[in-house]
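Asks: Structure provided below as structure tokens; questions to follow.
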Amino acid sequence: MNEGPTPTTGGHTSATHRHHQHARAAIVDAAASMMYRRGVAATSIGDISHATEARDLDLHFRNKTELVRAVIDRELAVQLDGHDGADSIDSWDGLDAWLSRVVNAQHAVDGPFACPLATLATELRHSPEYRPALDAAFRTWEGHLAAGLRRIQECGELDSDADPDRLAASLLAAVQGGYLLASVHGRIEVMRDVLDDAVAALRRYQV
């Protein structure tokens, strides 16, 4: 008697995995939005579960700490993937274009302006359970900017004695300072001025 082909569970497993990833991403997105608006401390697991109608939230995250770390990762990914990404920086024009996209990504012309990742860092900077994740996130962001400056250097348009890592740290500090001052003053023009000055400082190393 010939036996038919043995059923496989690969398709079912793959679909289950996709469903799990989709559900997890939806939870993280909802948590990120709520934590940005309310703050981490004022956002409970119950709030997120109710907002997403996720009755099995504990299958995705063991506790709130794990969820907050996932939100940190998510906000970093948004920064790296958004504005066409810092990976598009390969010339001075590319740097100018990237910074313009950062500014233009602010939807409201009169604020408030803020970087969600920096907002998390401000609230959680004294929490030892989150500081390593925040430190790693900003170092990763700096690394992408440094890689862009290094590409400019390799093209011979940035002084060979310039340190892309230090310049990237200064540039990211300017971006964050621009967000803060624009929010305080309620004018996006402040952020543009800060970033224009930051680029002018970088261009001292232009060759």
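Asks: What's the angle, to the nearest 10 degrees (0 to 90), between helix 131-154's Cα axis and the longest principal axis of the chain?
Replies: Roughly 50 degrees between the two axes.
Asks: Grab the DSSP H runs of the chain that are 4 residues or longer, score each as -39,500 (n - 2.57), total them, divide by all residues and round the 222 nm result to the nearest 500 deg cm²/dmol.
Replies: Mean residue ellipticity, 222 nm, calculated: -22500 deg cm²/dmol.
Asks: Can I ask one more? With +1 assigned to the C-beta of every Lys and Arg and -1 to the C-beta of every Asp and Glu, and no other charges, what is the dipole magnitude of region 107-169 about the Cα centre in debye, to the nearest 20?
Replies: 220
Asks: Please compute the length gained on full extension between D93 and A41, using 0.36 nm multiplied by the number of residues separating them and subtracting their Cα-Cα distance.
Replies: Full-extension gain reported as 14.6 nm.
Asks: Still on this structure: Relative to the longest principal axis of the chain, what angle (0 to 90°, nearest 10) does the C-alpha long axis of helix 92-104 take?
Replies: It is inclined by approximately 60 degrees.
Asks: With the cut-off at 12 Å, report for region 124-172 the share of all Cα pairs above it, as a whole percent.
Replies: Of all Cα-Cα pairs in region 124-172, 64 percent lie more than 12 Å apart.
Asks: Using a Förster distance of 30 angstrom, determine the FRET efficiency expected from the C-beta separation of S127 and V207, and round it to 0.05.
Replies: The value I calculate is 0.10.
Asks: Also, I was wondering about something else. Tell me the label-point distance for the pair A147, H22, using the 7 Å Cα-to-Cβ offset, in nm and rounded to one decimal.
Replies: Using points 7 Å along Cα→Cβ, the separation is 3.0 nm.
Asks: Between E157 and N104, what is the label-to-label distance in nm when each label sits 7 Å out along the Cα-to-Cβ direction?
Replies: 1.8
Asks: With charges set only on the Cβ (+1 for Lys and Arg, -1 for Asp and Glu), what does the dipole of the chain come to about its Cα centre, in debye to the nearest 20?
Replies: With Lys and Arg at +1 and Asp and Glu at -1, about 640 debye.
Asks: Now for a separate question. Jot down the per residue volume, in cubic angstrom and as a whole number, of the convex hull over the alpha-carbon atoms of region 75-205.
Replies: 96
Here, each number is a calculation from the coordinates, and none is a lab measurement. Computed from a predicted model, the values in this text were never measured in an experiment. Please note: Cβ atoms are built from the backbone with ideal geometry, for glycine as well, and neighbour counts cover all protein chains shown.
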